[in-house]
Structure formats: C-alpha cells, structure tokens
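Here's the structure we're looking at; comments come further down.
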Amino acid sequence: MNYNFNEIEAKWQKYWADNQTFKAKNPGSPPSEGLGEAYYVLDMFPYPSGAGLHVGHPLGYIASDIYARYKRHKGFNVLHPQGYDSFGLPAEQYAIQTGQHPAVTTENNIKRYREQLDKIGFSFDWSREVRTSDPEYYKWTQWIFIQLFESWYDYEQDKSRAISELEEIFASEGNKRVKAACDDDVEDFTAEEWNAFSSEEKQKILLKYRLTYLAETEVNWCPQLGTVLANDEIVNGVSERGGYPVVRKKMTQWSMRISAFAERLLQDLDKLDWTESLKESQRNWIGKSVGAMVEFPILSFPEGEEKARRGYMTGGNNAHLLLEKARENRNSPTDAEKILWNHLRNKSLGYKFRQQHLIDDFIVDFVCLSKRLVLEVDGGIHDLQVKEDENRTKIIESKGFKVLRFRNEEVIGDIDAVLEKIETALSGQPHVSEKVQKAPPSGAGGIRVFTTRPDTIFGVTFMTLAPEHELVKKITTPEQKEEVEAYIAASAKRSERERMADVKSITGVFTGAYAEHPFTKEPVPIWIGDYVLAGYGTGAVMAVPCGDQRDYDFAKHFYLPIKNIFENADISEEAFSGKEGTVIANSDFLSGLKYKEALQKAILELEKLGLGYGKTNYRLRDAVFSRQRYWGEPFPVYYVNGMPQMISAEHLPLTLPEVEKYLPTETGEPPLGNSTEWAWDTENNKVVPNAEIDEKSIFPLELNTMPGWAGSSWYLFRYMDPHNEEAFVSKEAQQYWESVDLYIGGSEHATGHLLYSRFWTKFLKDRGYLSVEEPFKKLINQGMILGQSAIPYRAKITLVSNLDNQKDTPDDYYEVKADLIENSNSVFFSADLRAKGVRFIQEKINGLSYFTSMKKEFEKIIKNSFGLKLEKSSVYIQYSGFSDPRVNLQFLDGLSDNLNLAALKSSGDEELKNAIYLDSEGSEITDCDKQNFVAAREVEKMSKRWGNVVNPDDICEDYGADTLRMYEMFLGPLEQAKPWNTAGITGVHNFLKKLWKLYHSTPNPSLGGENSFSVSDEPASKDSLKTLHKTIKKVTEDIENFSFNTSVSTFMICVNELSAQNCNSREVLEPLAILIAPYAPHIAEELWSKLGYSESIVTAEYPVYEEKFLVESTKNYPISFNGKMRFTMELPLDMSKEEIEKTVLADERAKSYLSDAPPKKVIVVPGKIVNIVI
RNA sequence: GCUCGGGUGGUGGAAUUGGUAGACACGUUGGACUUAAAAUCCAAUGGACAAUGCGUCCGUACGGGUUCAAGUCCCGUCCCGAGUACCA
C-alpha cells in the first residue's frame, strides 16, 4: 500500500465529522463528570470574503490546531471553536453593485470557507460555530449595548456601575462629589436641582455619563464609503478599507466611553502573556502622559469686544505697553507704596503679594492672587477720579477680586491699622487652590494648555494655538485679523495627508494677543501654528523653545526669543530635551532644582495660584460606535422627542429590516432610512411600518448600525455556551472555561479588536456578568505568508545629479536619453538594465521643484534601485509618483522573469499599454519577440489582483493536507513574515512518505511493488529508543514554546534515523504516531488504525519522555586549541577532569598542535568541551 | 523622529545557561536505476587555498571590548522590517 493521502484524508475528515470527535464537553451537560482541566484555544475568526482562503490564512489556524490537539493528548478538555465575523463592508459594497442581499453573499462565502477549512483537517468543534450576523448572536450584542447604556464609570471605585445607582446619588446629593467619567460640559447641580429637573432634562444629563452615549462629536467622515470610521480604521489619513480620504465632520453619533478604562487597559497589559511589541502598540495607542494643566490668562483683547472698559490706562489693547508701564511704576514707587510693599513682600502676611500687577486691562498696585485680593494706594490726584475708581473697582471685582483702597496718608500714618485691615480681608477671602477644571478664574478666560514639562514653565517665551482653537477668533487683534484668517483658511484646506507629508515646513501667524505668564506675570505673545493639533490635549501649547525641538524651530523661524532655563545646556543649535539629572536654572523658585523636584514644585505652585494642577492625559479617545451602513447590528434604540430609549431586552433581537437599496437615502440618511418598516410600537413591542409613527406609542427607530468590532468584542464568550437563550453565556460555562488560554491571529488587530474586547470584558466583569478581567491570556501573532509579484521598474522621474562633479562615478552606467523620458507617459526599464546602474540625465531643467519631504524617500530609491549613493545636496527631483506598478503574474512567460509585453500591451491598463519599455541595453523595445524585458520580483502580500495567490485547496489536492500543515509550520518561526515557495514543499512531502514507509515492509517488485503494513512486536533497539525519546523531548519542548518549525525538523531527523536503523518495532512506532498526530493528523489516524486501534488517535495519551534511554556513557569531546575546534575524542563521561586533561594531552594529534611546548592552560568542562591554550 | 523586532550559505531557516556555527529542508552538481523522462535512491555542497588525502586560512552586517572560549555578553556604527507619529 502506498501513501494515498487523498483517500486517507477524505476518510478521516468524514470520520471526525460523523463522530463529532472534537466536540468539547461543557459543565452541566452530560457527561458532566470527569470533564478534566479546561483549555481554550482560539483563532481570530475570519471575515468570509468572496476571494476565499489563500495559503496565508490557515497558518495561524494550523498552529492553534496543533496546540489544541497536543493539549487533548495531554488530557485536557479542549475548547477549539471557529466561526465567522460575518457583518462587514465588502458584502455590502457587493450588494450596492449587484443588488444581491448581503446575507446571501455572506452565506455563499461561508460555505466556501467551510469547504476549504474542512480540507485542511482542523479539529474545530463546529457544533459551537457562531456568526456575528446571525440574529440569535447579535441579540446578545444588542443586549451588551443596552448594558453599556445602563452603566456609568465611577473613578472612585474604579469600575462600571449601574446608572440607577448614579440617579440615586444625584437625587440625594447632586453631582458635585461624583467622580465619574463624563462629558466635559457637565454642570454642577444639587440634589434639589436634580429632583426639580424634568424627565427630559434628567435624561440629557444622564446621557453625559452613560458608557455608551449619543453626542455630537467630531468624527472621521469618509465620503466615498458614506460612513464614519473609528481612529483605528484609518491608516495614514485614508480609510483602511479602500484607501479613501477621510475628513473631520461634526455629527451626532453613538460613542463608547472607552477612555474611562484607559488606565486599567494600560495597567493590566502587564498581566498578559503577549508579545512586548503588541503591548507597546497598545501603550502607544492609549498614550498616557503625565504632566500638568496650566492656564495662561489672556491679557489683551481686540477693541470692540469689551470696549466699555476704562482705567488709568485705557485704550491699551497692547498688553506689553501696559506691562512696560507697570515695570516703570515698580521702579519708581511712591513713598506709601514703598512702605506697604516692605510689609507685604516675602509673604510677610503668609501670602504672596505682587506689586504693579496687570489684571485685565488695569495695573493694580498690589495683589494677592491666591486670595484674590487687590490693594490700591490712592494718591492726591485720585480725589478727582472717584467715579473712575468706582468703575475700575467694579470691573476688577467682576473678575472675582476683592478691592481694598487706602489713602497715602493712611499707609504712612498707621501702617499697623492698614495691615490689620488687610489681614482681616485675607482671612475672609477663600483660598483659591481649587483645580481649574471648570470655568477659568478670570472672567476674561485663559488659554489652557497641557504640558508634560511644567518644570520648564519659566522657559515659556510664547504660546501656540492650533488654527482651529476656539479662542483664536476672540483674541486676534484687528491688525492681525486678516493674516490670521488667511492662515486658518489655508490650513483648513490642507488635507490631513498634505499636513503629514509636509512635516518639516514651519508656518504660523501672530495673533497680536498676549497671555500672562502665571509666575513672572510677563506678557507672552500668542501665535497660531499648525504644528499644534486641535485634537490632542487642549489644542494649545506653552512653547518652551529651549526644551522642545518644535518650539525651538518655530522660535528660530519667527525670531522669537529663546530663554535657556537649563544649567549647563547648550541650546545654540537645538533644544535640550534631557530630563533626568537636568538642573533647572534661571527660573525663580525652581532654580537649582532637579527635573523631578522642579516638576512637583511647579505643579504645587500652580495649584496655589489656582492656575494649574497635575493632570494625566490620554491619547485614547472615545470610540465612535455608529456606522451609516446596512450590513451591521441594528441598535436596539428608538427615539422619543429626540431622546434615545432602549428596547427592553426581552424583545431582542431587533432584526435588520429589508431595504430596496443599500445606499444612503436621498436626504442623506443611512441605508436603514430606506426601510418602510422601521418604527417601534412600544405597546405591542414590535417593529411596525414607519407610516404608523404617532410619537405617542409608536416611535422611529435608530437608523445607524453598529461597527464591525461590536460582534467581535465578545464572541470568545459565546463559544463557551453558544446556544444559550437565557444569557450570552451561562455563569457556569464561563467560570469553567474562564477566558482564552491561547489566542492566535494577525497583528493588524493590535489597536482595534484587541483593545475593544478588553474594554468590553472589563465592563462585563464590573457589572458581574463575567469572572475574568481580561479576554486573552496568551496571544501570538502569526506572521504573514507573502506572495511574489512582478514589477517593471518605472523610470518616470527626472533626475539631475551632480555626479559629473564626482570623481568616482561608476564606470558601468547607462545613459538614457532625456527626450525619451520627456516625451512618453511612462518609461519602464528591464530589471537587468537597472542592475548595471542607470543614470538619467536631463539637460534642460524645467520646472524643477525641491521637495524636502520627498527627498529622503527619493534618495532611498536611488540607492536601492541604481546602487548609487548621492550626496544629499545633489538630488533635485520632479515628483511624478515613484511607485512601481505591479503586474499580474500571468503576464510572465512561464516561470521566467520575462514579461510578455505583447500580452501586457493588449491588457486594459492605460499606463502599461502606452509606456515605453527599455531592454537590457537601454534601447526601446520595438520587437516584443526578439527583445526581452525582465521584471523584478518583489515579495509582498498575496492579492487576487496580481495573480500571486496560492490556493490551499490545490496544495491539498497535489500533496495532501498533512503536507500543507507541516510545510506551513516548517517555513519558519510562526511569528515571522515569510514568502511562500511551493517548490520547497517536496521536502516535507517526502518526509511523510518516508514516515509511511517506516510502518510498511519493503516493496517486493515481483509482487507488483505494493507495500504492505508491517510492524513487529519485537523490542526495539537501543538506538531506536534513544531516537524516539530524543524526539519526544525535543518536540514537547518545541510545542510548548510554539517553535513548530523546529519540531518538524526534529520529526525529519527522527524518521531519517529510524529508517537508517531499519526500525519497525511497535514499541517505537506507536508513540511516534501520537507525537506526529497534532501535526499530520490524517496519516497518524490511518497508521493508528492499522496498528490495531479502533478508536481515534486524538485522545491517545501523549508519550512520556524517559531520560534513561538517553543516558550515555561516553561523550565525543570537541578538543579545541585557543578556542578553535581541531578534533574530537570519545571519552567516558565519568572520567575526571585531570584524567581527561592527561588523556587529551597524551594524544598524538594534540602533541602535534602543541609542538612540544607545554600548554599555557587547559580548560576542561566535563561533558562539554576541552580547550587548550597554547 | 520615537518604540519594538531583526541582520547567519545560492534560498527558507537551526544553534539550551557563552562551549564542535550552518541542524533540517529547498536549490545546485555528480552518480545509480531507465531507451528516455519523471519518480526514487546514493554522494558532494559556506568561501578561499590545497586539490590524492593530510590539511591551512577566512567566515554569523561593520568597528572595538570582555572571556580559556562570543552568532550569543558589553560599547559604538551601519542597514532592513514592523508599529506609531508635529502627542506638547
């Protein structure tokens, strides 16, 4: 019998299906005893696309399948399910184009997927299959959504709680003391106020606390896809799917308050057995930064806004003039001022006072900022200005200050009485140290910035706002208005992409306004610049040019001052960004302090002033949860007076309605708006036609659907108890299986799916529905299997280099005539021409631009493509797109690299059709038959478009599933990306044939050459047992370390050795079959049944490694001289060090290396090595 | 820029705590079997020198260092890949 893999594999696949071999046992259902220890192995479930599987897809499934089967042999009750993430864009796009219902497309695709998967012999428990688009499944997705709606996040207890508990708190004590995750614009209210609110007002407020909430947010709108996208669905400023542009737009959307979980999501990463790089991605995404929120009061406003202001110095919208005046006043105080200052300075009264200080547009004589107390000393002339003084006092008091007025005589005559009055006033004023979270203390408003370096606050020389910052319009002076508006308009036009591509250019405009430095009280000019992002922090920065490179560049560019506040730092060329060990200088009370001390001190002082507080900022934003699509979970939501209401859980699922068109409606509503039956009857609890909406008992339903990650965020729990109609998972099942022990999937989900499902798991745990905090204990990212593509090198670039000036130009270059390049659409050149080193020279330099941002990329291309190293200053380019086009592999002549130009030119691609092709000599190809054009090969993603997809079905047909499984593992480490090369598969296939032969007798040609099964019951030889146990040891270690490639090698070595030993002893071949069963299950089953077993091999006990078979009495010692191995010697292992040394040195070969001189030193490591130093 | 991985034959890749570098396989070359091819089997295969063997030298991106001994540890440099990016 020969190894007929097709027959064997079909037979066992049928057997497994018929016998439900891989059905995992659940607690509660019979047989409930002896379940064994639970082990949960999960693959990321696939989206069933129309293209079917290629050989890259099963890689992770094979690895997890091997592990699952291994664990079964080890006696575990293994849960190894599979399902489909079956809601998604492609089916819907297809529906838009063809009108075919996405459910039909999806069903067909799933069928195809299942067929393909079945052929590979996975040990999935298909009785537990889930599909996210199945109403019985998404019923529970909707249910979880409702739970989120009914919850809020309590920072005090650091967990999610029921919204009813929050209502209780509001009713009994208002919201002041509640530390909850909520919207920014929540206003304080008391219990009385709360109780007096109408039901609608209450709902509005509660919405700001719910873990899923409806709010107008700035979203990423993708016009081409007609939907919004989450941050993780955008790659490089364009949509992940389709690569369409994305714009910012304000829309009312459902959001998930994932930001409330930021700290837990970050902290708990440490508990997980994930790769460091993956954890790092999540850390990056969460983006925690610790620092301070600081407020810079705004000093000046343009005329016209608050014109009525009067003071001793009116009309001053130029704060620096005021400040100059203040400085002047400080330098020439009146006698009374001098006396008073002597009593106030240095915190003599316990509080810090400042003199001649600017408040709004007024210079006051003295002020204690932390107590909001202003002292004025009036001289004689003020008698004439009583009215103006009153006015001035009023305005200052409106800013929250108390004003005390003294006359010169009072101060000079009885300073003690004056001081007493001041002390009384001070004690009567509240201490302003409250965090500046709510309205800023000065009524005029301030600019709030987030900084991680409050210690550098004395280095602030200007501020920069994002162009979109809401204050920009308010503070811009009339003189600057035109310029500022032009700048805002220009930067609004620039797309996200342009902004990213052009990182280096420095742009910005002065607003004309000034802010006040919280400590020095000096004016700080306010600029706008698009290096500041509206979306991060507060959209404003305090610029510290000496410590931040971007601020530094900005300052240099606009000739703004740069103040050095670091001891011994050279900032003449660039900013100094050192932290640890840095000593702050030139910074008032921070001078001489080290970074850490200064940081704390700065925050403390800011808090005292009421102008700042320590704050932790996260980059993680709340996730937008609405999609304007058809093919997704409907929200269980209807609207009463515009307020969202949940459909109660017992009426779920709310199933997707039928629509005629899958496009948005004419009025721009989502596709569900096309449905005529999409209203909710609250009396009968069912969906009714839209026409019946009366806003009394029948209300409109939500038109958006949920995003793709909704269903995938919790599916792991559904597998535990997939048919439960009472709950998404029973407590019993969940507590038995806990969470996923091993999760395998692609790294592209690092910041999407993996973060969201951690979030939902934590939430469900908080609310008591789960016993675990994290969904995936161990996670492995399988690398991608790549295909090959063919590339004609594009030469549509104009390059002028100063190569002529360089002495060492390559001899072997080829000149391509400039006019050839100029006159064509595209020029491609043969890969072998490129290899020679090509140089393009154009004589006329017309319209050349110099793009800094492209330069680096270009230099790389020149270097990689032409092997030329160019001086940085020598490259000038005219950009016209560098990407080389990919050509479908079908255009290659056979297996060669030669492009079939005739076929290519008759293809549909305009560019390729009209292009000029240069052969290896650099001349244009006119005769496609005689001249060759060589395409370059590149390793990249498999894609139907490029014809480089390898189908696993074909491999199974030609070599068998066992070969495919082992070969995919053999390719290299699981986590590494690697190119597919079908040629190499023969090695693995031959191995399986050899394995088969071990169990069969040598063919006898006279009997027709048929092998027959033949295993002897004779005891195995010592060597064979040694081989077996060596293999058990290594394979077990490898499997535990997920080093599947090396275990395949180990099997090969084992079979090679056993073949050489002519081993056919049952004692060895039976354990070997079990060892290999996880990898090549079909052949193992076949051999197992031939060995006489009627039961499947899948639960056969894993062989136990026994050391005694490996014990050696001798060791082949490598003998090295000065560390270089020269020869080996077979010596007994129990030989002592001294004896070894003696024996080795006595050896003839050793003598010849020593050439009679005694060795300097002899190192003997028993059992390892002997090294002789000469 | 930052973070995390890497850099070993013609190729994919092995190499426990530092201890015989290149396991295993592909490819290539030669041979056997065949009318022939395929399949199968055997042998060789890091490079250079020597070539009959004995051998010698050089070799894990590059330059240093530690050590009896370095692919492995330390310092510096270069390059590649992935993620992320005016993150204040």
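The values are calculated or read from the model by the stated rules, or taken from the named source; none is laboratory data. Note that the structure is a prediction, hence the values are computed from the model and not measured. Neighbour counts are summed over all protein chains in view; Cβ atoms, including those assigned to glycine, are modelled from backbone coordinates with ideal geometry.
Out of (1) assigned to a loop (DSSP other than H, G, I, E, B); (2) closer than 30 Å to A:Thr1027 by Cβ; (3) touching a residue at least 12 places away in the same chain (Cβ under 8 Å), what's the single condition that is false for A:Ser1094?
A:Ser1094 satisfies all of (1) assigned to a loop (DSSP other than H, G, I, E, B); (2) closer than 30 Å to A:Thr1027 by Cβ; (3) touching a residue at least 12 places away in the same chain (Cβ under 8 Å) except (3).
Cβ-Cβ distance below 6 Å, separation of 6 or more or different chains: which pairs start in the range A:1098-1113 with a residue that is among the small types (Gly, Ala, Ser) and end on one that is surrounded by 18 or more Cβ atoms within 10 Å (Cβ to Cβ)?
Note: pairs meeting the criteria are A:Ala1100/A:Ile1074.
Could you tell me whether any residue of the range A:255-278 is under 26 Å from A:Trp152 (Cα atoms), of a type in the set (S, T, N, Q) and crowded, with 20+ Cβ neighbours inside 10 Å?
Checked against the condition, which is being under 26 Å from A:Trp152 (Cα atoms), of a type in the set (S, T, N, Q) and crowded, with 20+ Cβ neighbours inside 10 Å, the range A:255-278 yields at least one hit.
Residues in the range A:152-163: is at least one surrounded by fewer than 19 Cβ atoms within 10 Å (Cβ to Cβ) and of a type in the set (Phe, Trp, Tyr)?
yes
Residues in the range A:78-100: is at least one of a type in the set (Phe, Trp, Tyr), part of a helix (DSSP H, G or I) and modelled with pLDDT of 95 or more?
Within the range A:78-100, none of the residues are of a type in the set (Phe, Trp, Tyr), part of a helix (DSSP H, G or I) and modelled with pLDDT of 95 or more.
Having 3 or more residues that are in contact (Cβ under 8 Å) with a residue 60 or more places away in the chain is the bar; report the strands (runs of 3 or more DSSP E) wholly within the range A:585-684 that clear it.
Passing ranges, in order: A:612-617, A:637-640, A:643-646.
Name the single residue that is farthest from RNA strand B (Cβ to nearest atom) among those in the range A:1022-1049 being within 16 Å of A:Pro973 (Cα to Cα) and either touching a strand residue (DSSP E or B) at 6+ places or on another chain (Cβ under 8 Å) or not in a helix (DSSP H, G or I) (or both).
Per the criteria, the residue is A:Phe1042.
Yes or no, residue by residue, for (1) buried (at least 23 other Cβ atoms within 10 Å of the Cβ); (2) among the hydrophobic types (A, V, I, L, M, F, W, C):
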| site | (1), (2) |
| --- | --- |
| A:Lys615 | no, no |
| A:Gln628 | yes, no |
| A:Pro634 | yes, no |
| A:Asn641 | no, no |
| A:Met646 | no, yes |
| A:Pro664 | no, no |
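Looking at (1) part of a helix (DSSP H, G or I); (2) in contact (Cβ under 8 Å) with a residue 12 or more places away in the chain, find the lone condition where A:Leu42 falls short.
Result: A:Leu42 fails condition (1) only.
Could you check, for the range A:1099-1120, whether at least one of its residues is closer than 19 Å to A:Pro1019 by Cα and within 12 Å of RNA strand B (Cβ to nearest atom)?
Within the range A:1099-1120, one or more residues are closer than 19 Å to A:Pro1019 by Cα and within 12 Å of RNA strand B (Cβ to nearest atom).
If you take the residues in the range A:969-988 that are surrounded by fewer than 20 Cβ atoms within 10 Å (Cβ to Cβ) and either of a type in the set (Phe, Trp, Tyr) or more than 7 Å from RNA strand B (Cβ to nearest atom) (or both), which one is modelled with the lowest pLDDT?
Result: A:Thr982.
Pull up the range A:1132-1165, narrow it to residues that are more than 10 Å from RNA strand B (Cβ to nearest atom) and touching a helix residue (DSSP H, G or I) at 6+ places or on another chain (Cβ under 6 Å), then point me to the one that is modelled with the lowest pLDDT.
Within the range A:1132-1165, the match that is modelled with the lowest pLDDT is A:Ala1150.
Scanning the range A:530-543 for residues that are crowded, with 20+ Cβ neighbours inside 10 Å and small (Gly, Ala, Ser), which turns out nearest to RNA strand B (Cβ to nearest atom)?
Once the filter is applied, the top-ranked residue is A:Gly537.
Determine whether the range A:96-109 contains at least one residue that is crowded, with 19+ Cβ neighbours inside 10 Å and of a type in the set (A, V, I, L, M, F, W, C).
So far as the range A:96-109 goes, no, none of its residues is crowded, with 19+ Cβ neighbours inside 10 Å and of a type in the set (A, V, I, L, M, F, W, C).
From the set of residues in the range A:739-763 that are touching an Asp or Glu at 6+ places or on another chain (Cβ under 7 Å) and within 16 Å of RNA strand B (Cβ to nearest atom), which is modelled with the highest pLDDT?
The residue in question is A:Gly745.
Taking the condition of being among the hydrophobic types (A, V, I, L, M, F, W, C) and surrounded by fewer than 17 Cβ atoms within 10 Å (Cβ to Cβ), how many residues in the range A:164-198 meet it?
5
Can you pull out the residues in the range A:544-559 that are surrounded by fewer than 20 Cβ atoms within 10 Å (Cβ to Cβ) and touching a residue at least 40 places away in the same chain (Cβ under 8 Å)?
Answer for the range A:544-559, where residues must be surrounded by fewer than 20 Cβ atoms within 10 Å (Cβ to Cβ) and touching a residue at least 40 places away in the same chain (Cβ under 8 Å): A:Asp553, A:His557, A:Phe558.
Checking the structure you have, find out if any residue of the range A:724-738 is buried (at least 21 other Cβ atoms within 10 Å of the Cβ), away from RNA strand B (no atom under 16 Å from the Cβ) and part of a loop (DSSP other than H, G, I, E, B).
yes
Evaluate the range A:955-968: report whether one residue or more is near RNA strand B (Cβ under 7 Å from one of its atoms) and either charged (D, E, K, R) or buried (at least 17 other Cβ atoms within 10 Å of the Cβ) (or both).
no
Scanning the range A:436-492 for residues that are modelled with pLDDT under 80 and within 14 Å of RNA strand B (Cβ to nearest atom), which turns out farthest from A:Gly614 (Cα to Cα)?
Checking each candidate, the answer is A:Ala490.
For the subset of the range A:757-779 comprising residues that are over 20 Å from A:Asp154 (Cβ atoms) and touching a strand residue (DSSP E or B) at 6+ places or on another chain (Cβ under 7 Å), which member is surrounded by the fewest Cβ atoms within 10 Å (Cβ to Cβ)?
Filtering the range A:757-779 for residues that are over 20 Å from A:Asp154 (Cβ atoms) and touching a strand residue (DSSP E or B) at 6+ places or on another chain (Cβ under 7 Å), the one surrounded by the fewest Cβ atoms within 10 Å (Cβ to Cβ) comes out as A:Lys778.
Give the residues of the range A:257-277 that are in a helix (DSSP H, G or I), away from RNA strand B (no atom under 16 Å from the Cβ) and under 13 Å from A:Leu211 (Cβ atoms), sorted by residue number.
If the condition is that a residue be in a helix (DSSP H, G or I), away from RNA strand B (no atom under 16 Å from the Cβ) and under 13 Å from A:Leu211 (Cβ atoms), then A:Ala260, A:Phe261 are the ones that fit.
Within the range A:516-529, how many residues are within 15 Å of RNA strand B (Cβ to nearest atom) and either outside any loop (DSSP other than H, G, I, E, B) or polar (S, T, N, Q) (or both)?
Number of matching residues: 4.
So is A:Tyr613 in contact with a helix residue (DSSP H, G or I) (Cβ under 9 Å, 6 or more places away or on another chain), farther than 30 Å from A:Tyr213 by Cβ and of a type in the set (Phe, Trp, Tyr) or not?
no
Filter the range A:1075-1092 down to the residues that are farther than 15 Å from A:Val1055 by Cα and not hydroxyl-bearing (Ser, Thr, Tyr) and list them by number.
The answer is A:Pro1078, A:Pro1081, A:His1082, A:Glu1085, A:Glu1086, A:Trp1088, A:Lys1090, A:Leu1091, A:Gly1092.
Would you point out which residue out of A:Asp588, A:Asp570, A:Asp553 is of a type outside the set (Phe, Trp, Tyr), within 14 Å of RNA strand B (Cβ to nearest atom) and out of contact with any His (no Cβ under 8 Å at 6 or more places or on another chain)?
Selected residue: A:Asp553, the only one of A:Asp588, A:Asp570, A:Asp553 that is of a type outside the set (Phe, Trp, Tyr), within 14 Å of RNA strand B (Cβ to nearest atom) and out of contact with any His (no Cβ under 8 Å at 6 or more places or on another chain).
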